[in-house]
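I have placed the structure first, in the form of structure tokens, so that the comments after it can refer back to it.
Quick note: the coordinates plus some simple rules give every number you see, no bench work behind them. Only a predicted model underlies this, so the values are computations on that prediction, with no experimental measurement involved. Because the Cβ atoms are built from the backbone with ideal geometry, glycine has one as well, and the counts that use them run over all protein chains shown.
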Amino acid sequence: GVKALCMSLVGDSDVFDAAVTAVGGIVCDSIDELLALGDLANCDAFPTGTKMHVVTYSGAEANMVADIAEYHGFELPAISRDGVRHLQRIWPELTVANPLDPWFIDLHQLAYSQAFRVSASEEGDIVALALDQSVHAPDQTIATDLIRLLERYVKPTNKVAIVLSPVHQCPSPRVQALCRRAGIPLLRGAQTALTVLARVAARRRSRVDGRFLDLRRAESVHPRQATAWDEAESQ
């Protein structure tokens with residue numbers, strides 16, 4: 001009885017989701033997803049596709065992000081021959097892949113400037129810095145250096161630059177302030193971030209369902225009829 005009463009009060013979530021999607025909205029399944037979507041909107045960082053290059057400073061993070069990205073339908077294109085040649089001309093021992101992990105190959109300022117330079121020049125829609133820097137990290141200098149390099153090389157292009165914290169920890173105020181100033185969304189949690197990015201990219205590729213809007217307009221021209229639909233009418 002309680003379940004039936006609740007369903008009667010809130011209606012069918014599938015109907016609500018369909019209505020939101022029909023008028024161009026994006027449905028979030030959690031508060032975390034809603035906050036991530038807000039971060040993207042605040043920076044006007046809406047990718048138009050799902051080709052993504054990831055730069056990270058941890059091999060384990062690179063593997064984790066790659067697995068989650070593949071699950072959500074992202075394409076991680078291989079780096080071009082020119083990009084491979086450029087990087088291996090400087091560091092012959094570097095394994096060049098996407099995700100790209102140049103950590104410890106050289107001074108981080110030099111290694112990551114070249115990593116972002118190549119990633120920004122490759123075909124794609126998104127360049128993500130996978131950066132696990134929590135508020136408890138002893139040194140925030142490396143994190144801020146990498147964010148500045150991401151801003152320098154990716155922001156001038158037509159690609160969306162994001163900072164992706166693979167875990168749901170709170171970054172330091174210094175990191176948060178730098179991302180805000182640079183206009184780069186700071187997304188927490190790889191699963192949450194990539195879920196929302198995939199939905200945004202899908203929304204940009206789709207069109208608003210005109211049938212829904214036509215029905216609403218048809219209803220509104222009859223003043224004697226209610227313009228709000230109940231659950232049965234919506235279905």
Task: Estimated distance in nm for a label pair at ASP17 and ASP106, the labels positioned 7 Å out from Cα along Cα-to-Cβ - done: 4.8
Task: Around ALA182: net Lys/Arg minus Asp/Glu count, Cβ-Cβ under 9 Å - done: +3
Open item on the list: Suppose the chain between ILE142 and SER172 were pulled fully straight at 0.36 nm per residue; how much longer would it get relative to their current alpha carbon spacing?
Closed with: 9.6 nm
- [ ] Identify the GluC sites (Glu not before Pro) of region 68-107 meeting these criteria: DSSP loop state and at most 15 other C-beta atoms within 10 Å of the C-beta.
- [x] GLU93
Task: Pairwise FRET efficiency - ALA78 versus ALA202, Cβ, R0 = 25 Å, nearest 0.05 - done: 0.60
Task: Residues of region 176-198 with amide N under 18 Å of the 7 Å Cα→Cβ point at ASP67 - done: 189-195
TODO: Would you mind counting up the charge near ASN63? Only other residues with Cβ under 12 Å from its Cβ, with Lys and Arg at +1 and Asp and Glu at -1.
DONE: -4
Open item on the list: Show me the chymotrypsin sites (Phe, Trp or Tyr not before Pro) within region 81-130 that DSSP assigns to loop and that have at most 14 other Cβ atoms within 10 Å of their Cβ.
Closed with: PHE104
